[in-house]
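Everything on this sheet refers to the single structure shown next.
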Amino acid sequence: MSKLKLITDGFIKNNPTFVLVLGMCPTLATTTSAMNGLEMGLATLFVLILSNMAISLIAPIVPDKVHIPVYIVVIATFVTVLQLLMQAYLPSVYQTLGLFIPLIVVNCIVLGRAEAFANKNSVIDSALDGIGIGLGFTLSLTVIGIVREILGSGSIFGWKFIPGDGILAFVMAPGAFMVLGYLMVLFNKIAKKN
Amino acid sequence: MEYIIIIVSAIFVNNILLSQFLGICPFLGVSNKLSTATGMSGAVCFVITLATVVTYLLNKYLLLPFGLEFLQTIAFILVIAALVQMVEIVLKKISPSLYQALGIFLPLITTNCAVLGVAITVVTKEFTFGDASHMLNLGQAVVYAIATSLGYGLAMILFAGLREHLAMNDVPKSFKGLPIALITVSIMAMAFLGFSGIV
């Protein structure tokens, strides 16, 4: 498998949101605007790359019986690092994303990639896979965020181009499910040609 | 009175699935059949309540006195993982029939973000009842955990009922499966928005 393909696979073929349908909680909860979606995606990308690399390094020496708890602790460590870094340098972002930063620990994408890819591939390949899947996740979250922000508040990345209030429901819970549902339909239509 | 406010707000107004988006993966994964949805809700209810009590005590008597709040994430996920394992072993011994019924769902609960989400919310968020806002005490934390998991069960079982009917309908090909389910959840969430403003 070529190195480039490892990265691009995460965008369409293994897109974590629309194909693998993993990590739905942050996908729905943090995409109230394009910026929030982008930030959440990048936070997950950070943890994903580091945990993929660490796990591919330690996988050969971890006994099979306890591998899941070990992986979870590795992931939780990187999440704590991320939490401390964000509290220090990006406190406002940390406030907006709130609970969903510590919840990256239980994001099935991270543990899923550790199990499916990182524990049987080299460090470089695992890092590239982390970058690909992480960018795919970031891309999906940003797209959902853009759609919700346009419909819900008439702006895009904070730049307001439709005057007025927008359709409030799209910023709230129902809009999250609806936008994701319809985007999935669109993705099925285009990517799977059915 | 406080307890009633906590219960109504956790079940209806701030429903964990439909307005807080916690625990969506198992919600979409096992809501195909009413019976599995009920089993999953039972298991989640059990583990959320137990995990909240243990993590609350751990936080209050171990992490806070030693100034180790930054370890919350790691400590809590370890406690939850260990607890799920323990519940599994105990149930297997004491009540094999319940273990059979919950069986496959138990190990999945470790990675259910509703459990970690509730545990972290209880120890970090200030709740407002009436006029003053304060942290929950142990009794309120337990009531909050039970009510939240009942809300989880309610949404899950309602949705499983709807989904069983959906399965028999003829939906367009690209809507089949998850997309139509998500749109149904969206309409349910809209209905639950009607509860906002009660408390």
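With N residues in chain A, what two-decimal value do you get for its Cα radius of gyration over 2.2 N^0.38 Å? Present the calculation step by step, with values, prior to reporting the outcome.
Working: Rg = 17.3 Å, N = 194, 2.2 N^0.38 = 16.3 Å.
So chain A has a normalised radius of gyration of 1.06.
Restricting to DSSP H runs of at least four residues, report the calculated mean residue ellipticity at 222 nm for chain B, -39500 (n - 2.57) per run over all residues, nearest 500 deg cm²/dmol.
Details: 9 runs with 131 residues, N = 199.
It comes out at -21500 deg cm²/dmol, rounded to the nearest 500.
DSSP H helices in chain B with Cα extent of 30 Å or more along the helix axis and mean Kyte-Doolittle hydropathy at least -1.0?
B:34-58, B:72-94, B:138-167
Please report, in Å, the Rg and the Dmax of the range A:2-104, where both are computed over Cα atoms only.
15.0, 43
Suppose we look only past 19 Å in the calculated P(r) of chain B. What percent of the Cα-Cα pairs does that tail hold?
62
Would you kindly calculate the mean projected area, averaged across all directions, of the convex hull enclosing the Cα atoms of the protein assembly as shown, in square nanometres?
Numbers: hull surface 85.1 nm².
Mean projected area of the Cα convex hull: 21.3 nm².
Can you flag which of A:120/B:60; A:65/B:93; A:3/A:189; B:33/B:125; B:33/B:92; A:65/B:176 are past 32 Å Cα-Cα?
Where the Cα-Cα span goes over 32 Å, the pairs concerned are A:120/B:60; B:33/B:125; A:65/B:176.
Bin all alpha-carbon pair distances of the range B:128-199 at 10 Å intervals from 0 and give each bin's fraction as a whole percent.
15, 34, 26, 16, 8, 0
Any chance you could check the Cα centroid distance between the range A:157-190 and the range B:1-51 for me, in angstrom?
25
Convert 20 °C to kelvin, take the viscosity as 1.002 mPa s, use the Kirkwood radius over C-alpha pairs of the range A:70-121 as Rh, and evaluate the Stokes-Einstein diffusion coefficient in µm²/s, rounded to a whole number.
182
So what does log10 I(q)/I(0) come out to for the range A:148-194 at q = 0.22, 0.25 Å⁻¹, using the Debye formula with one equal point on every Cα and no solvent?
Values, matching the q order: -0.74, -0.82.
Out of the range A:116-187, which chymotrypsin sites (Phe, Trp or Tyr not before Pro) are coil in DSSP terms and have no more than 12 other C-beta atoms within 10 Å? Provide the component values of the computation, followed by the final result.
On the way: sites: A:117, A:137, A:157, A:159, A:161, A:170, A:177, A:182, A:187; in loops: A:117, A:157, A:161.
Filter output for the range A:116-187: A:157, A:161.
Values in this text are rule-based calculations from the coordinates and carry no lab data. In this text the structure is predicted, and so the values were computed from the model without any measurement. So basically every Cβ, Gly included, is an ideal-geometry build from the backbone, and we count neighbours across all protein chains shown.
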